[in-house]
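Comments concern the structure below.
The values are calculated or read from the model by the stated rules, or taken from the named source; none is laboratory data. Quick caveat, the model's predicted, so the values are computed rather than measured. Every residue, glycine among them, receives a Cβ derived from its backbone with ideal geometry; neighbour counts consider all protein chains shown. Note: accessible area is taken over every heavy atom of the protein model, side chains too, but ligands, DNA and RNA are not part of it. Shrake-Rupley method; radii C 1.70, N 1.55, O 1.52, S 1.80 Å.
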Amino acid sequence: MKTIGITGGVGAGKSTVLGFLKKEYQASVCEADKVAHQLQEPGEDCYRTIIEEFGCGILHADGTIDRKKLGGIVFADEQKLQRLNQIVHPQVKEYIRKRKESEKEAGTKIFVIEAALLIEDHYEEICDELWYIHTPDEVRRKRLKESRGYTDARIDGIMKNQKSEEQFFRACQVVIENGEDFDETCIQIKEALKSY
């Protein structure tokens, strides 16, 4: 089984790449963000620790975490963001490790892990290759405004907390350019997976 880690800045189009890998290669995809959301549901360890750390003010009336409120707190304060990551990411990584084992047992050919903090959390320990989905900043901004309705200030805040392009380039073995033409992106993906 080939295990690929996919990362890139916000708005890089990672979801589109994942969709292509699922459709064309029957890849099994695990998104760290979705795992993190699952582990933050009431009753989970992460949930309890987050409430202890950030208080009940971040909860919806039904007791679930209001991600918008929590995001507003952590993206405005580097230390709080680090603290949230310290709570969530080790548990996410452990979950993904177990999932990788079960995928291997099931005979999966390509297992793809998508995580924003792939490099920081040392996913090279789990993956055979790290892929960086590189997209020019202006394209990322356009996508985030159109698809998520983000303001420039919100985009600036998120981008400021992400690794630089140079750090991504250094850490990843494969770079996929994902600008305006997705057909071009597909050609690069096929080239990277030509033995599969």
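Could you tell me whether any residue of region 145-157 is part of a loop (DSSP other than H, G, I, E, B), over 16 Å from the mean Cα position of the chain (by Cα) and surrounded by fewer than 18 Cβ atoms within 10 Å (Cβ to Cβ)? Yes: one or more hits. Filtered by the rule that a residue be open to solvent by less than 30 Å² (accessible area, probe 1.4 Å) and assigned to a helix (DSSP H, G or I), region 99-144 gives E103, Y123, V139, R140, L144.
Looking at region 1-31 only, could you name the residues that are in a helix (DSSP H, G or I) and either in contact with a Cys (Cβ under 8 Å, 6 or more places away or on another chain) or open to solvent by 10 Å² or more (accessible area, probe 1.4 Å) (or both)? I'd like the intermediate steps shown before the answer.
Taking region 1-31 and keeping what is in a helix (DSSP H, G or I), we get 14-25.
Result: K14, S15, T16, G19, F20, K22, K23, E24, Y25.
Could you check, for region 54-64, whether at least one of its residues is closer than 19 Å to L118 by Cα, open to solvent by less than 30 Å² (accessible area, probe 1.4 Å) and without any contact (Cβ under 8 Å) to a residue 40 or more places away in the chain? Show your work before the answer.
Of region 54-64, the ones closer than 19 Å to L118 by Cα are none.
Within region 54-64, none of the residues are closer than 19 Å to L118 by Cα, open to solvent by less than 30 Å² (accessible area, probe 1.4 Å) and without any contact (Cβ under 8 Å) to a residue 40 or more places away in the chain.
Screening S195 against (1) at pLDDT 90 or above; (2) of a type in the set (S, T, N, Q); (3) open to solvent by 20 Å² or more (accessible area, probe 1.4 Å) leaves a single unmet condition, (1). The set of residues in region 158-187 that are over 23 Å from D128 (Cα atoms) and open to solvent by 60 Å² or more (accessible area, probe 1.4 Å) comprises K160, E180, D181, D183, E184. Do you know which of the residues in region 25-53 that are acidic (D, E) and in contact (Cβ under 8 Å) with a residue 12 or more places away in the chain is farthest from K109 (Cα to Cα)? If we take residues in region 25-53 being acidic (D, E) and in contact (Cβ under 8 Å) with a residue 12 or more places away in the chain, then E53 is farthest from K109 (Cα to Cα). The set of residues from region 69-98 being part of a loop (DSSP other than H, G, I, E, B), touching a residue at least 12 places away in the same chain (Cβ under 8 Å) and more than 19 Å from the chain's Cα centre (by Cα) comprises just one member, A76. Being touching a residue at least 40 places away in the same chain (Cβ under 8 Å) and more than 16 Å from the chain's Cα centre (by Cα) is the filter here; which residues of region 108-136 pass it? If the condition is that a residue be touching a residue at least 40 places away in the same chain (Cβ under 8 Å) and more than 16 Å from the chain's Cα centre (by Cα), then T108, K109, I110, D128, P136 are the ones that fit.
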